[in-house]
Amino acid sequence: MPYKMQSKLLRVLQDGIISRLGSDKTIETDVRIIAATNMDIRSAIDKDKFRSDLFYRLAVVSVDLPPLRERKEDIKELTKYFVKGFSEKENININSFDDEIYGIFESYFWEGNIRELRNVVQRMVVLSNDGIIKKEDIPSYIADGIETVQIEKSEENFIACDFNNAIRNLETKMLTEAIKVAKGNISNAAKLLNLNRTTFYYKIKLYNLEHLLKE
């Protein structure tokens with residue numbers, strides 16, 4: 001939220017009144033505010049990007065939600081929830097779901113948190129055949145990413161993969177699969193990966209994948 005807009009919200013919280021755009025008439029409000037952010041608010045306050053008085057007004061009850069990779073016990077239930085929701089939305093009857101998928105999901109890093117899990121499940125539901133979802137239907141970048149990025153540790157030593165090479169391989173696989181699913185359409189492929197067109201096309205050029213795009 002822009003810094004100037006924050007003062008307007010603060011006034012609403014303090015006085016409990018609002019005015020319609022272009023009107024001088026005030027309207028009393030009786031609401032509860034739920035605010036969420038992925039920013040470090042304390043740091044934003046120090047950098048004058050967030051008002052401290054607004055923060056203390058909002059922070060009556062604070063809940064820190066850890067990333068999905070730190071609460072893997074939720075992955076199975078979230079997956080079931082998304083499968084049910086998307087099957088109803090898309091009018092697709094899912095009558096078989098491979099239990100091995102849960103284990104694979106729990107081993108994945110989920111950099112995109114719940115939004116990434118949601119997108120992956122949506123894709124699997126939409127592309128399912130005869131209402132059956134198998135572990136082979138998991139996007140290849142997830143299975144390959146688990147194998148590529150996995151680090152073996154012991155008390156005395158550890159073996160790590162080449163980080164830059166692993167990231168390059170992972171991004172190339174993700175881009176290739178997205179383009180394949182989108183049948184070469186840039187906008188649709190970028191949307192599947194939750195990237196804007198500029199960033200998506202930059203990575204396409206970076207990895208020399210232009211030949212996969214639709215003419």
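For the range 202-210, does any single residue satisfy the condition of being within 17 Å of TRP110 (Cα to Cα), surrounded by 14 or more Cβ atoms within 10 Å (Cβ to Cβ) and at pLDDT 85 or above? For the range 202-210, residues within 17 Å of TRP110 (Cα to Cα), surrounded by 14 or more Cβ atoms within 10 Å (Cβ to Cβ) and at pLDDT 85 or above: absent.
Of LYS80, LYS49, LYS76, LYS25, all but one fail to be touching an Asp or Glu at 6+ places or on another chain (Cβ under 8 Å) and modelled with pLDDT of 90 or more; the exception is LYS76.
Consider LYS89 carefully, then state whether it is surrounded by 13 or more Cβ atoms within 10 Å (Cβ to Cβ) and more than 19 Å from the chain's Cα centre (by Cα). So LYS89 does not fit the description; no. For the range 1-28, a tally of residues being in a loop (DSSP other than H, G, I, E, B) and either loosely packed, with under 12 Cβ neighbours inside 10 Å or of a type in the set (A, V, I, L, M) (or both) returns 8. Scoring ALA189 on the criteria (1) more than 21 Å from ILE75 (Cα to Cα); (2) modelled with pLDDT under 85 leaves a single failure, condition (2).
Over 21 Å from LEU192 (Cα atoms), out of contact with any helix residue (DSSP H, G or I) (no Cβ under 7 Å at 6 or more places or on another chain) and not aliphatic (A, V, I, L, M): does that describe ASP53? Break it down stepwise before answering.
On the way: over 21 Å from LEU192 (Cα atoms): yes; out of contact with any helix residue (DSSP H, G or I) (no Cβ under 7 Å at 6 or more places or on another chain): no; not aliphatic (A, V, I, L, M): yes.
Taking the combined requirement at face value, the residue does not satisfy it.
Within the range 186-215, residues that are touching a residue at least 60 places away in the same chain (Cβ under 8 Å) reach partners that are not in a helix (DSSP H, G or I) with beta carbons closer than 9 Å, at six or more positions or on different chains, in the pairs LEU192/ALA182; ASN194/GLY112.
If we keep just the residues of the range 33-50 that are part of a loop (DSSP other than H, G, I, E, B) and of a type in the set (Gly, Ala, Ser), which is farthest from PRO67 (Cα to Cα)? If you could, list the steps in order and put the result at the bottom.
Step one: filter the range 33-50 for residues part of a loop (DSSP other than H, G, I, E, B), giving 33-40, 47-50.
From what is left, the residues that are of a type in the set (Gly, Ala, Ser) are 35-36.
Working: ALA35: 17, ALA36: 14 Å.
Here the residue is ALA35.
When you check GLU136 against the structure, is it free of Cβ contacts under 8 Å to residues at least 40 places away in the same chain, assigned to a helix (DSSP H, G or I) and of a type outside the set (Gly, Ala, Ser), yes or no? Judged against the criteria, GLU136 is a match.
Scanning the range 165-183 for any residue that is farther than 14 Å from SER140 by Cβ, touching a residue at least 40 places away in the same chain (Cβ under 8 Å) and in a loop (DSSP other than H, G, I, E, B) turns up nothing. Scanning the range 51-103 for residues that are under 30 Å from LEU10 (Cβ atoms), in contact (Cβ under 8 Å) with a residue 12 or more places away in the chain, of a type outside the set (Phe, Trp, Tyr) and not in a loop (DSSP other than H, G, I, E, B) yields ASP53, LEU54, ARG57, LEU58.
The values are calculated or read from the model by the stated rules, or taken from the named source; none is laboratory data. This is a predicted model, so every value here is computed, not measured. Here the Cβ is made from the backbone with ideal geometry for all residues, glycine too, and neighbour counts use every protein chain on show.
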